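The values are calculated or read from the model by the stated rules, or taken from the named source; none is laboratory data. All values reported here derive from a predicted model rather than from experimental measurement. A quick note on method: Cβ atoms are made from the backbone with ideal geometry, for glycine too, and the neighbour counts reach across all protein chains shown. Each accessible area value is taken on the protein alone, full model and side chains, heavy atoms only, with ligands, DNA and RNA left out. Shrake-Rupley method; radii C 1.70, N 1.55, O 1.52, S 1.80 Å.
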Amino acid sequence: MDAVLGQLFAGLSLGSVLLLAALGLALTFGQMGVINMAHGEFMMAGAYTAYVAQNVIADAGVALILAIPLGFVVGGVMGVVLEATLIRRMYLRPLDTLLVTWGVALILQQVARDVFGAPNVDVRAPSWLSGSVDLGITQVPAARLFILGLAVVAVTGLALVLTKTALGRRIRAVVQNRDLAETAGVSTRATDRLTFFIGSGLAGIAGVALTLLGSTGPTLGSNYIVDAFLVVVAGGVGQIKGTVIAAFGLGLLQAGIEYSTTASLAKVAVFALVVVFLQARPQGIFSVRTRSLA
Amino acid sequence: MNADYLELSDVRVTFDGFVAVDGVTMTVPRGDLRFLIGPNGAGKTTLVDAITGLAPATGSALFGRTELLGRKVHRIVRLGIGRTFQTATVFENLTVLQNLDIAAGAGRGPLTLLRRRSSVPAEVEEALETVGLVDVRDKPAGVLPHGQKQWLEIGMLIVQNARVLLLDEPVAGMSAQERADTGELLRRIGAERTVVVVEHDMDFMRCFADSVTVLHAGKVLSEGTVAQVQADPRVQEVYLGTAAEVGA
Amino acid sequence: MRRELGALIGFAVGALALLVLAPALLSDFRLSLLGKFVCYAIVAVGIGLAWGRGGMLTLGQGVFFGLGAYVMAMHLKLADAGPSGVPDFMKLYGSGEVPGWWEPFRSPVVTVIGVIAIPSLVALGLGAAVFRRRVRGAYFAILSQALAAAFAILLVGQHATIGGTNGLNGFRSFFGFALYDPVNKRMLFYIAASTLLVVLAIAWQLYRSRFGELLMAVRDQEERVRFLGYDPANIKIVAYVVAAAMAGVAGALFVPIVGIISPASVGVVPSIAFLIGVAIGGRSTLFGPAVGAIVVAWAQTTLSESFPSFWIYFQGALFLLVVAFLPSGLSTVASLRRRTREAT
Ligand SMILES: Nc1ncnc2c1ncn2[C@@H]1O[C@H](COP(=O)(O)OP(=O)(O)O)[C@@H](O)[C@H]1O
Ligand SMILES: [Mg+2]
């Protein structure tokens, strides 16, 4: 019983990490149809932000709490710069954007190597996150519980922005019909930029969270990015709930299969299951209906 | 060949609860040049989508004795149903000849496909004549003016052996001369085929239509000859206040 | 007609450079290095077919390359194993018993068939699953990349049976020919170079056939092709499978030439790295991808030895600049020059 609960929590925890990594990706992919391969490197930047914060501020807890908004801003600014310099010019060639941003990712990784050194660095978890928490039925690591909470906050925050603010309405309008939104007076350019800021900022937050789970290195983001993309594909674009379901679904699946086989076989099985799932729903769990071709 | 007609009964298309085509029943015999008119949003394009397998529909669409609904897009095409789109869609990077050759080739076996085109197939040659594109046969389709692109599309339907042609606003954006030419072209090819033309242009309709079906809010409002339809008070009512004036 | 002539001249130049000049001018070491680049070029021709002509951005060619390579490596390990019939690393790390799925590859015939058939079948399976359901564009790219990730992870996890992170290495002979013998190593180069020419000839025939026209039509307007009565999925599947088979053959040649295959050569990063040469050479041209792949691999070897950090920046910048600003690769420059010449 305990083992099952433990595995269940492991799945939820993995799901929350995937969710943090994929949330911003789903937002920018949904809005612009471009795949940003440098998203993982924005996560990496968020992680190094936490590292720098800790070197400046002695108290690990304060540093972590500060690093979250800082990571958001760092990731967001990087995203806006990328959008304004490159992605903006390439809207008509979404697949090429994927390769261009891959080039950016390579460069950013090397920058990290040259600045922080190739070996991984460690961010200390604050004392209140290093133990485990007794949930009555089972013990869970506090850091993982914290990340789960962070993911919930991030999703709720994003949902509120999308549904309750003028910006959110503009974003949803552009996702559903870019041309129509434009003729209706929505500045798609400004909306794109803000979307990219938020999406990339979320990557930064994800990076900060990842420092609690392991050490930080230049390829931190690329370790998660493929799974994050799978979440986006399985979840479909245009609706947050698809991403949420897909992230936790894949997390639980991975943990569940891992329980009976090995981690590597579980990865392969999860991939196969996603392909099978797309047979039933090629557009992912949810998709915004648009009229194509005709 | 008697079975060469299109018979729709109670065709219905629903998008998330919104009924775009609401039980359309109509029959188009061979040799008829049928115009499908109606205000914007009436469901004309969606009806064509339904017949060609692009929009999921209920009811029945018979071509002869064959049910079309529920089949895959390319299967429906192979049964002899061809369509064009509101915006001309030809292969811009390929030449006019290559466009027609591809259209003619859906039935080709793998071996033919893996060989080079050594000569121009007779039906392609013929279609080039029919649609009047002989002079530009080696030009990339992308550089053709709008009118010629639409003719190329019609030519592609001819070589792909379409028995039923569903044309979605073929003369939109054409000059008066091009419209007249297109009309003549449709008359010529329509003689032994079933042709349905979705159109907004009333002058064009008056000149070339054999019969007319008026669609409104997904339903057939009126059907008959041009004169009959124009005299129908319900049609006049629907068009009242819209730009197109049927009774004029 | 001029096109034909151009292609024939290209083949003549390629054959001269690879089969005559390179062996005459290069040292054994350099020639073997060029042999490795030729393997990359074979992969690149396939990518040109799938991506350049077919519009399928395949970020997982490393999988097919790896499948071909591992099949060949398994055969070589078994052939080297001696009387016990058990490859050395299995005695060290494993149970000392050969797993059942290794056994077929004792046969040279099964191996050669497997090198082509196994990647083709995997591509057929994935292709049929995704293209028939109209999963395409970025979705397909992501799935192909996830496949590469899953494949590499799978290999890393199998230490005792497939060498784990170390991969398979230390081959002594190739179908009975000793690999330390320089004559045989030269022979391997000739085999690889001829294979590249054959693969290019196959691509040429595909491009000038009706299939080639159809493939481009699918790339540019898939839905329109459907309305001509074709199932575009079939056309894409054929191109994807051929590209996979090419990668498999390349992998199989890579193994004896380089002497090692490991997960590091088949995962996400090497898979995407295959694309840069194709992008530079001109993704939809016949010779561009192969030439681009060789030039990039050569540049990488030269630059990364002396300036490892600079090479990464350079590679990143290449991706960025070439794809963003020269979408047809350097062949754009060539055709621009031709056009200006014709105009004057
Ligand atoms: N894919 C779709 N999803 C939702 N509504 C649609 C879709 N396609 C068409 N509609 C709606 O169906 C109605 C009919 O559209 P359409 O057939 O294009 O009209 P017409 O061609 O007569 O102008 C319109 O109100 C349109 O908004
Ligand atoms: Mg319409």
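Would you say B:Asp32 is buried (at least 17 other Cβ atoms within 10 Å of the Cβ), within 14 Å of chain C (Cβ to nearest Cβ) and acidic (Asp, Glu)? Against the criterion (buried (at least 17 other Cβ atoms within 10 Å of the Cβ), within 14 Å of chain C (Cβ to nearest Cβ) and acidic (Asp, Glu)), B:Asp32 does not qualify.
When B:Thr52, B:Thr45, B:Thr58, B:Thr27 are checked against the criterion of being open to solvent by 40 Å² or more (accessible area, probe 1.4 Å) and within 16 Å of ligand 1 (Cβ to nearest atom), B:Thr58 stands alone in meeting it.
Those helices (runs of 4 or more DSSP H) of region A:188-294 in which 2 or more residues are in contact with a Lys or Arg (Cβ under 7 Å, 6 or more places away or on another chain) and more than 16 Å from ligand 1 (Cβ to nearest atom) occupy A:188-210, A:263-280. Scanning region B:99-124 for residues that are open to solvent by less than 70 Å² (accessible area, probe 1.4 Å) and not in a loop (DSSP other than H, G, I, E, B) gives B:Asn99, B:Leu100, B:Asp101, B:Ile102, B:Ala103, B:Ala104, B:Thr112, B:Leu113, B:Val124. Got at least one residue in region B:193-202 being away from ligand 1 (no atom under 16 Å from the Cβ) and open to solvent by 40 Å² or more (accessible area, probe 1.4 Å)? For region B:193-202, residues away from ligand 1 (no atom under 16 Å from the Cβ) and open to solvent by 40 Å² or more (accessible area, probe 1.4 Å): absent. Tell me, please, whether a residue that is within 14 Å of another protein chain (Cβ to nearest Cβ) and either among the charged types (D, E, K, R) or buried (at least 24 other Cβ atoms within 10 Å of the Cβ) (or both) can be found in region A:185-207. No, region A:185-207 contains no residue that is within 14 Å of another protein chain (Cβ to nearest Cβ) and either among the charged types (D, E, K, R) or buried (at least 24 other Cβ atoms within 10 Å of the Cβ) (or both).
Among the residues of region A:3-33, those that are over 13 Å from the mean Cα position of the chain (by Cα) and buried (at least 24 other Cβ atoms within 10 Å of the Cβ) comprise A:Gly30, A:Met32. Taken as a whole, the structure places B:Gly70 among residues that are part of a loop (DSSP other than H, G, I, E, B) and either away from ligand 2 (no atom under 16 Å from the Cβ) or within 30 Å of B:Arg206 (Cα to Cα) (or both).
May I ask you to verify whether A:Arg144 is more than 19 Å from A:Gly30 (Cβ to Cβ), open to solvent by 10 Å² or more (accessible area, probe 1.4 Å) and either of a type in the set (D, E, K, R) or not in a helix (DSSP H, G or I) (or both)? Against the criterion (more than 19 Å from A:Gly30 (Cβ to Cβ), open to solvent by 10 Å² or more (accessible area, probe 1.4 Å) and either of a type in the set (D, E, K, R) or not in a helix (DSSP H, G or I) (or both)), A:Arg144 qualifies. If the condition is being within 15 Å of ligand 1 (Cβ to nearest atom) and loosely packed, with under 15 Cβ neighbours inside 10 Å, then region B:1-18 contributes B:Phe15, B:Asp16, B:Gly17, B:Phe18. Candidates C:Ala17, C:Ala7, C:Ala12: the one that is touching a residue at least 12 places away in the same chain (Cβ under 8 Å) and either open to solvent by 40 Å² or more (accessible area, probe 1.4 Å) or among the hydrophobic types (A, V, I, L, M, F, W, C) (or both) is C:Ala7. Just give me the residues in region B:155-208 being part of a strand (DSSP E or B) and either within 16 Å of ligand 2 (Cβ to nearest atom) or within 14 Å of another protein chain (Cβ to nearest Cβ) (or both), in sequence order. Residues satisfying the conditions are B:Val164, B:Leu165, B:Leu166, B:Leu167, B:Asp168, B:Val196, B:Val197, B:Val198. Scan region C:194-209 and tell me whether some residue there is of a type in the set (A, V, I, L, M, F, W, C), more than 20 Å from B:Arg116 (Cβ to Cβ) and assigned to a loop (DSSP other than H, G, I, E, B). Scanning region C:194-209, I find no residue that is of a type in the set (A, V, I, L, M, F, W, C), more than 20 Å from B:Arg116 (Cβ to Cβ) and assigned to a loop (DSSP other than H, G, I, E, B), so the answer is no. Only a single criterion out of (1) open to solvent by 10 Å² or more (accessible area, probe 1.4 Å); (2) within 30 Å of B:Thr84 (Cα to Cα); (3) charged (D, E, K, R) is not satisfied by C:Arg283, namely (2).
In region B:174-183 there is at least one residue that is at pLDDT 90 or above, hydroxyl-bearing (Ser, Thr, Tyr) and more than 16 Å from ligand 1 (Cβ to nearest atom). Residues of region C:207-241 that are over 19 Å from B:Met156 (Cβ atoms) and at the interface with chain B (Cβ under 8 Å from one of its Cβ atoms): C:Arg208, C:Ser209. Being part of a loop (DSSP other than H, G, I, E, B), more than 13 Å from ligand 2 (Cβ to nearest atom) and within 13 Å of chain C (Cβ to nearest Cβ) is a property that does not hold for B:Gly82. Restricting the first member to region B:23-49 and to residues that are more than 19 Å from B:Pro170 (Cα to Cα) and more than 9 Å from ligand 2 (Cβ to nearest atom), and the second to residues that are at pLDDT 90 or above and open to solvent by 10 Å² or more (accessible area, probe 1.4 Å), the beta-carbon pairs closer than 6 Å and six or more apart or on different chains are B:Gly23/B:Asp10; B:Gly23/B:Arg12; B:Val24/B:Val220; B:Thr25/B:Ser9; B:Thr25/B:Asp10; B:Thr27/B:Glu7. Suppose the filter is outside any strand (DSSP E or B), open to solvent by 60 Å² or more (accessible area, probe 1.4 Å) and of a type in the set (Val, Ile, Thr); does A:Val153 pass it? In short, yes. Screening B:Gly70 on (1) open to solvent by 10 Å² or more (accessible area, probe 1.4 Å); (2) away from ligand 1 (no atom under 16 Å from the Cβ); (3) within 12 Å of another protein chain (Cβ to nearest Cβ) shows it passes everything except condition (3).
Report yes if some residue within region B:106-118 is under 25 Å from B:Leu185 (Cα atoms) and more than 14 Å from ligand 1 (Cβ to nearest atom); otherwise report no. Yes, there is a match, as at least one residue in region B:106-118 is under 25 Å from B:Leu185 (Cα atoms) and more than 14 Å from ligand 1 (Cβ to nearest atom).
Can you say whether C:Pro256 is in contact with an Asp or Glu (Cβ under 9 Å, 6 or more places away or on another chain), open to solvent by less than 30 Å² (accessible area, probe 1.4 Å) and in contact (Cβ under 8 Å) with a residue 12 or more places away in the chain, as far as the supplied structure shows? Judged against the criteria, C:Pro256 is not a match. Summed over region C:145-168, residues that are open to solvent by less than 20 Å² (accessible area, probe 1.4 Å) and not small (Gly, Ala, Ser) total 4.
Rundown of residues vs (1) away from chain C (no Cβ under 14 Å); (2) over 19 Å from the mean Cα position of the chain (by Cα); (3) not polar (S, T, N, Q), yes/no style:
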{"site": "B:Glu7", "(1), (2), (3)": "yes, no, yes"}
{"site": "B:Met26", "(1), (2), (3)": "yes, no, yes"}
{"site": "B:Arg65", "(1), (2), (3)": "yes, yes, yes"}
{"site": "B:Val77", "(1), (2), (3)": "no, no, yes"}
{"site": "B:Ala88", "(1), (2), (3)": "no, no, yes"}
{"site": "B:Leu113", "(1), (2), (3)": "no, yes, yes"}
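Can you run down the residue pairs with Cβ atoms below 6 Å, 6 or more apart or on separate chains, where the first is in region B:171-198 and under 25 Å from B:Glu7 (Cα atoms) and the partner is of a type in the set (Lys, Arg) and at pLDDT below 90? Hits for this filter: B:Thr194/B:Arg30. Restricting to region A:211-225, and then to whatever is open to solvent by 10 Å² or more (accessible area, probe 1.4 Å) and under 11 Å from the mean Cα position of the chain (by Cα), can you tell me which residue is nearest to the other protein chains (Cβ to nearest Cβ)? Taking the candidates together, the pick is A:Ile225.
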